[in-house]
Amino acid sequence: VQLQACGGGLVQAWGSLRLSCVSSGSIASRDYMGWYRQVPGSQRDLVATITRRGVTTYADSVKGRATISRDIAKNIMYLQLTSLKPEDTATYYCKAVLGMRSSWGPGTQVTVSS
């Protein structure tokens with residue numbers, strides 16, 4: 001499956017935005033999908049995941065400020081971020097997992113200004 005993340009941009013602190021991850025194939029069949037983020041020189045960190053059954057998990061750093069969701073009919077996964085902080089600045093990637101196979105899409109840059 002091919003993934004394409006979009007929706008990033010420049011936003012002021014305390015603002016919000018919604019990222020989208022468009023999949024070329026069915027997202028309903030994936031074991032789970034997730035959002036990750038990475039800043040230069042650091043590892044790629046988990047932000048949120050959603051399982052095939054719709055169970056969600058969040059990193060402590062975004063808990064209460066992030067909502068991961070999906071539109072199965074459209075094969076799109078979303079990440080709504082609110083109360084953004086400068087430390088949320090990163091390149092955000094989406095991932096789809098089926099068994100031992102993982103697919104990553106190119107990232108979308110989110111920059112939060114103070």
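Please name all residue pairs, on different chains or six or more residues apart, with Cβ atoms under 9 Å, provided the first residue is in the range 41-57 and is free of Cβ contacts under 8 Å to residues at least 40 places away in the same chain and under 21 Å from Ser29 (Cβ atoms) and the second residue is among the hydroxyl-bearing types (Ser, Thr, Tyr) and assigned to a loop (DSSP other than H, G, I, E, B).
Close Cβ pairs satisfying both conditions: Arg52/Ser29.
Please find, among Trp35, Trp14, the residue that is assigned to a strand (DSSP E or B) and of a type in the set (Phe, Trp, Tyr).
Details: Trp14 fails: assigned to a strand (DSSP E or B).
The unique qualifying residue is Trp35.
Does Asp31 satisfy the condition of being surrounded by fewer than 19 Cβ atoms within 10 Å (Cβ to Cβ), of a type in the set (Asp, Glu) and under 19 Å from Pro86 (Cβ atoms)?
Numbers: surrounded by fewer than 19 Cβ atoms within 10 Å (Cβ to Cβ): yes; of a type in the set (Asp, Glu): yes; under 19 Å from Pro86 (Cβ atoms): no.
Here the answer is no, as Asp31 does not meet what is asked.
In the range 72-90, what residues are among the polar types (S, T, N, Q) and touching a residue at least 60 places away in the same chain (Cβ under 8 Å)?
Filtering the range 72-90 down to residues among the polar types (S, T, N, Q) leaves 75, 80, 82-83, 89.
Result: Gln80, Thr82, Ser83.
Look at the range 94-112 and say how many of its residues are among the hydroxyl-bearing types (Ser, Thr, Tyr) and open to solvent by 40 Å² or more (accessible area, probe 1.4 Å). Explain how you work it out, then say what you get.
Initially, the range 94-112 is screened for residues among the hydroxyl-bearing types (Ser, Thr, Tyr), giving 102-103, 108, 111.
Filter once more, so that each one left must be open to solvent by 40 Å² or more (accessible area, probe 1.4 Å): 102, 111.
Total meeting the criteria: 2.
So Arg18 clears everything in (1) within 11 Å of the chain's Cα centre (by Cα); (2) in contact (Cβ under 8 Å) with a residue 40 or more places away in the chain; (3) crowded, with 17+ Cβ neighbours inside 10 Å except one condition, right? Which one?
(3)
Would you call Gln12 open to solvent by 20 Å² or more (accessible area, probe 1.4 Å), out of contact with any Lys or Arg (no Cβ under 7 Å at 6 or more places or on another chain) and not β-branched (Val, Ile, Thr)? Give the steps one after another, and end with the answer.
Values: open to solvent by 20 Å² or more (accessible area, probe 1.4 Å): yes; out of contact with any Lys or Arg (no Cβ under 7 Å at 6 or more places or on another chain): yes; not β-branched (Val, Ile, Thr): yes.
When the stated conditions are applied, Gln12 passes them.
State all residues of the range 92-114 that are of a type in the set (Ser, Thr, Tyr) and in contact (Cβ under 8 Å) with a residue 60 or more places away in the chain; if no residue qualifies, say none.
Just the residues of the range 92-114 that are of a type in the set (Ser, Thr, Tyr), to begin with: 92-93, 102-103, 108, 111, 113-114.
If the condition is that a residue be of a type in the set (Ser, Thr, Tyr) and in contact (Cβ under 8 Å) with a residue 60 or more places away in the chain, then Tyr92, Tyr93, Ser103, Thr108, Thr111, Ser113, Ser114 are the ones that fit.
For the range 40-58, enumerate the residues that are open to solvent by less than 60 Å² (accessible area, probe 1.4 Å) and assigned to a loop (DSSP other than H, G, I, E, B). Working first, answer last.
Of the residues in the range 40-58, the ones open to solvent by less than 60 Å² (accessible area, probe 1.4 Å) are 42, 47-51, 54, 56, 58.
The answer is Ser42, Gly54.
The values are calculated or read from the model by the stated rules, or taken from the named source; none is laboratory data. These numbers were taken from a predicted model, which means no experiment stands behind them. Positions of Cβ are backbone-derived with ideal geometry, glycine not excepted, and every protein chain shown enters the neighbour counts. Please note that ligands, DNA and RNA were not included when accessible areas were found on the heavy atoms of the full protein model with its side chains. Shrake-Rupley method; radii C 1.70, N 1.55, O 1.52, S 1.80 Å.
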